[in-house]
Ligand code: WQD
């Protein structure tokens, strides 16, 4: 009998890639998604890769009645991976209440319902944004949590605290917090990938659209930072590597009786790359030029951050494996399959 996992936000970018890896690892997956920032056609892509169409519930985790109805239909769900959240830093500054409601109420509902249905654990999609601007790099899990620089980042910090407090109060389940660095790329099949709606906020989707000529030049937000080439440095982690880490975390939480009730892991490659170095990687990997120009800094950008992944490497037995040039090739192949984006 397959272990059944609920993936909230499972038609999203990281959620869909994680669903594929869960299915290929032998798990049964149910997805709930309100399709506010994704497309139901993602289910077709998942099925084309794995041959298994996940059960799908169109719904909102902020509605506890919807959640209870789902669990009544699937009382055998043993674990949850919670991706369902709003995640655009800039938008969160403009619409803080939407972010606090979506991201906090959704998690609270899940934590409340879990004991009612004997759910054993929840993996939480967190972010390196909780560290703010690091004092030193690479950054490990003992680094201080700094005051958030956006409501989005604040929701990630608060959600981590909500989980910790709930477990401290005696909750009958485990949790693993996964702090992502910068997820990039697409599945090598080019059947699923990043599907930004409107103007991409993140670097890679904008870069690939500019390279495809379906959007204007990429603006590199500033080259006057205190870094070797003046552009910001990030830890770009392949989305399939990231998805695999979730499967390992879920297996550890459900099957390893000795693992702690609450654990935190940084998920990164351990290598910092600048924006210009990423552009070079893309051009080397694809032979396609990226039309770009240097523009002004973007408000709120962190100068440099990259992970110390030793804990995830040693405790989870997980390591980022995909070479950045391969990641860029996959991102490009995915882009070539897209229709012209909405302007
Ligand atoms: C990366 C670098 C930009 C766009 C954010 C969130 C983080 C996570 C990932 C959700 C920066 C530069 C970007 C462009 C550019 N979100 N850039 N031109 O800001 O590191 O992280 O997204 O989980 O929590 O904070 O990612 O891709 O927006 O930017 O020069 O058009 O690329 O200045 O240095 P970021 P990003």
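Key figures
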quantity: Lone unmet requirement of (1) assigned to a loop (DSSP other than H, G, I, E, B); (2) within 23 Å of residue 308 (Cα to Cα); (3) within 15 Å of the ligand (Cβ to nearest atom) for residue 84; calculated: (2)
quantity: Candidates 169, 148 - the one that is free of Cβ contacts under 8 Å to residues at least 12 places away in the same chain and either surrounded by fewer than 21 Cβ atoms within 10 Å (Cβ to Cβ) or within 23 Å of residue 116 (Cβ to Cβ) (or both); calculated: 169
quantity: Candidates 63, 76, filtered to the one that is surrounded by fewer than 24 Cβ atoms within 10 Å (Cβ to Cβ) and out of contact with any strand residue (DSSP E or B) (no Cβ under 8 Å at 6 or more places or on another chain); calculated: 63
quantity: Segment 189-204, residues that are farther than 17 Å from residue 91 by Cα, within 14 Å of the ligand (Cβ to nearest atom) and out of contact with any strand residue (DSSP E or B) (no Cβ under 6 Å at 6 or more places or on another chain); calculated: 194
quantity: Count of residues meeting criterion [part of a loop (DSSP other than H, G, I, E, B) and surrounded by fewer than 18 Cβ atoms within 10 Å (Cβ to Cβ)] in segment 1-59; calculated: 12
quantity: Meets criteria (within 25 Å of residue 129 (Cβ to Cβ) and surrounded by fewer than 16 Cβ atoms within 10 Å (Cβ to Cβ)) for residue 298; calculated: yes
quantity: Verdict on residue 81 being touching a residue at least 40 places away in the same chain (Cβ under 8 Å) and under 17 Å from residue 183 (Cβ atoms); calculated: yes
quantity: Residue match in segment 320-337 (condition: more than 20 Å from residue 13 (Cβ to Cβ), within 12 Å of the ligand (Cβ to nearest atom) and in contact (Cβ under 8 Å) with a residue 12 or more places away in the chain); calculated: no
quantity: Segment 260-305 - residue that is part of a loop (DSSP other than H, G, I, E, B) and closer than 30 Å to residue 168 by Cα and, of those, nearest to the ligand (Cβ to nearest atom); calculated: 268
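Rule-based calculations on the coordinates, nothing more; no lab input. Please read these numbers as outputs of a predicted model, since none were measured by experiment. Glycine also receives a Cβ, built like all others from the backbone with ideal geometry; neighbour counts cover every protein chain displayed.
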